[in-house]
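Nothing in this text is a laboratory measurement; each read-out follows from the coordinates by a stated rule. Being a predicted model, the structure only gives us computed values, none of them experimental. Note that we place each Cβ from the backbone using ideal geometry, even for glycine, and neighbour counts take in every protein chain shown.
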Amino acid sequence: MHFEVPKASSLKEFGGEYLMIVISILTALALEHGAQTLHHRTVAHEASEKIDAEIRANIEQIKAFRVYNQQQEDKLALIREALLADIHAKKSDEELKKRLLGDYRGAFALSIRTPTLRREAWDVAVANQAVSWMQADALKRYSVAYASMRDIQSISITGGNSFLDGPRMMDALSNAQMGVVDAHETYRLLNQIISSYQTINGNLATLQKELDDTAPADGLRAAQSGHGAGQAGK
């Protein structure tokens, strides 16, 4: 910033020139602050759009994996129901063995899927400090959403298997491969596997709801914004 020293011939003239210099300085500072504020708002807005898009992509992935997991759970539930009916009917061990190695062979399948849940947009916004220029309520929503994603991923790694007895499951699978099966043991194993699917899908459903509230679809967001503007105008 450059300015010239006043060259006034009287105190009054000096005061006028000095005032003009002060006003010039304040105006320049105000313009600089305004430009910086506009830049920060633009960066924050762009970061929010990328984060919203990332969250919505995660929502779509969660939906797809929930559908897949539910389909697998439903298949196992049908096998469990049929196996229990055979046990109650007191079918012979030989009959149960044939069913378990044939129609019920899927009882030993475990194919739980969990989403990877991308977070690159959030990490970039944190790294370039865009989050520090966001509105407080938006920043809080994003922070809670990404913390929930982190927690779900951690739970998915360990929590989904909390109902499974790993060594026992491997023994049952090995016995089935050798043609040695136990209907009662298989029924208990089915309960464990189904409970694992239910746990994972329950956690994913909770996360999906949180993410839906954080970054609703574009149409819903526009409707909410319009509703808010209408309320403000009343």
Along Cα→Cβ, 7 Å out, is where each label goes; now give me the distance between the ones at residue 147 and residue 87 in nm to one decimal. 4.3
Extension gain, residue 132 back to residue 20 (0.36 nm per residue minus Cα-Cα distance, nm): 36.7 nm
Taking 0.36 nm per residue of separation between residue 116 and residue 188 and subtracting their Cα-Cα distance, the length gained on full extension comes to 22.9 nm
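Counting other C-beta atoms within 10 Å, and keeping those with at most 12, which DSSP coil trypsin sites (Lys or Arg not before Pro) do you find in the range 72-107? The partial results should precede the final answer.
Values: sites: 75, 80, 90, 91, 97, 98, 99, 105; in loops: 90, 91.
Filter output for the range 72-107: 90.
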Nearest 0.05, what FRET efficiency do residue 101 and residue 140 give at R0 = 45 Å with Cβ-Cβ as r? 0.20
